[in-house]
Amino acid sequence: MSRAALVSLALGALIMGACTTAPPPTPTPGTTEAPGSTDAPATDAPTGSILSQVQASDTVRCGVNTNLPGFGYPEEGTGRWLGFDADFCRVIAAAVLGDPEKVTFRQLSADDRGPALQAGEIDVLIRNTTWTLTRDTEWGLFGPTTFYDGQGMMVPAASGVTELTDLAGATICVQSGTTTELTLPDQMRALGVDYTQDTRPDIDQTYATYEGGDCDAVTSDRSQLVARRTLFANPDDHVLLEVVMSKEPLGPAVPFGDEVWFNVVKWATWVPMQAEEVGVNQGNLDQMRDESTDPVIRRLLGVEGELGAKLGLSNDWAYNIISNVGNYAEIYDRHLGPGTPFNLDRGPNNLWTNGGLHYPPTWR
């Protein structure tokens, strides 16, 4: 056969392949404890084991911290779970079930969270958990980062310590089962600093040991240090060093083996960020839905297209998230921003349009 004929056959095969639609993938079966046009026609709603189970049980099982103010903690007197992470659990429930309160919060220690996710005891883990290569290959699938953090160090203000090298000979408290437990020796070894590491199994023990004076310093994510400091008898007696020892991207994770559920959690997590980017919030939501001519806003709020059906959700899924929980700025400010005991500057947690790292994908 001539070279020209071979090329012609190859091009014909490519064209036929490009014009053929592949069959859809076969879907896999599935309270607190301690309208308009789109780029392509709408497809049949996907199903997945976890999505089906969540819809059947009418609750999302969400793994959270045991007691981390600002992120995940039970409200005194009511027991209602509050915090940045707790609200992202509600984001998933609002998207899937239309009700942000249909969440079963499961308290998990740092040591318990990986096994609980691996065993499928929870539907999603949203517990200030750092995304690492090892966890991504052993624990489950990590979704979008909701909070960019870094490891810090807290010391008594009266200690005079201003740098890590000042901690030579010191005892440093750290919690087991965390990335901070591993990063600390790396950092101190690189600096040539000898120290004693006091590793504790849970968050309360770790900070009680430090506050009681048995440790000269305590290390964790900077956001956690700021949050736990508010529980001390004398918070102003403790300071954070300026040093940032690591990258700590925190976000949701789901069990392996269910791409349908993974897509639901990913895109639900991006909704608050996209809403902030296009200026949609709880106050103007209905007006934006009824009056906006912006195609992105109309698709986001279910006025145009059938994006919800592609995820196996109702078309008002994103509307339900924003209406019940808010956009990213509203969630952040409610728990961590000005007017809270933490007053954490957003820094890298700003949108990309404001110099931050949050960059939701295209809403189409």
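All of the numbers you see were taken from the coordinates with simple rules; none came from a lab. Just so it is clear, the structure is predicted and the values come from calculations on it, not from any experiment. Here the Cβ positions follow ideal geometry from the backbone for every residue, glycine too, while neighbour counts run over all protein chains shown.
Under 5 Å between amide hydrogens, built in the peptide plane, is the criterion, and for Tyr73 it picks out Leu68, Leu82 among residues at least 5 positions away or on other chains. The order of the peptides 262-272, 321-331, 348-358, 294-304 by mean Cβ neighbours within 10 Å, most packed first, is 262-272, 321-331, 294-304, 348-358. Scoring 73-82, 112-121 by mean Cβ neighbours within 10 Å over their residues and listing the highest first yields 112-121, 73-82.
With K and R counted +1 and D and E -1, the other residues having a Cβ less than 9 Å from that of Thr209 yield a net charge of -2. Neighbour counting of Cβ atoms within 10 Å sorts the residues Asp214, Asp258, fewest neighbours leading, into Asp214, Asp258.
Note that the stretch 78-84 has calculated 3J(HN,Hα) couplings of 10, x, 5, 6, 10, x, 4 Hz, one per residue in order, obtained from phi through the Karplus relation 6.51 cos²θ - 1.76 cosθ + 1.60 (θ = phi - 60°); glycine and proline are x. Of (i) 1.14; (ii) 1.09; (iii) 1.41, which is the value of Cα Rg over 2.2 N^0.38 Å derived from the coordinates here? Looking at Cα Rg over 2.2 N^0.38 Å for this model, the match is (i).
Between Gly63 and Arg106, Asp123, Val124, Leu125, Ile126, the built amide H atoms are under 5 Å apart, and every one of these is 5 or more places off in sequence or on another chain. Using the rule -39500 (n - 2.57) for each DSSP H run of four or more residues, divided by the residues of the chain, the 222 nm mean residue ellipticity is -11000 deg cm²/dmol.
Coupling constants for the stretch 169-180 follow from the phi torsions by the Karplus curve (6.51 cos²θ - 1.76 cosθ + 1.60, θ = phi - 60°), and in residue order they are x, 7, 9, 10, 7, 8, 8, 6, x, 10, 5, 5 Hz; glycine and proline get x. Fully extending the segment from Thr137 to Gln205, taken as 0.36 nm per residue of separation minus the present Cα-Cα distance, adds 21.5 nm.
Summing +1 for each Lys or Arg and -1 for each Asp or Glu among the other residues whose beta-carbon sits under 10 angstrom from that of Glu248 gives 0. Based on alpha-carbon centroids, what's the gap between the stretch 180-221 and the stretch 132-179 in Å, whole number please? Taking the Cα centre of the stretch 132-179 as reference, the centre of the stretch 180-221 is 8 Å away. Listed peptides 89-100, 187-198, 148-159 appear in the order 89-100, 148-159, 187-198 once ranked by packing, highest mean of other Cβ atoms within 10 Å at the front.
In order along the stretch 328-336, the phi-based Karplus estimate (6.51 cos²θ - 1.76 cosθ + 1.60, θ = phi - 60°) of 3J(HN,Hα) comes to 4, 4, 5, 5, 4, 5, 4, 10, 10 Hz; Gly and Pro are listed as x. On full extension, the segment bounded by Glu163 and Asn234 gains 23.3 nm, given 0.36 nm per residue less the C-alpha separation. Between Asp221 and Gly152, the built amide H atoms are under 5 Å apart, and every one of these is 5 or more places off in sequence or on another chain. The distance from the alpha carbon centre of the stretch 235-288 to that of the stretch 299-364 is 8 Å, rounded to a whole number.
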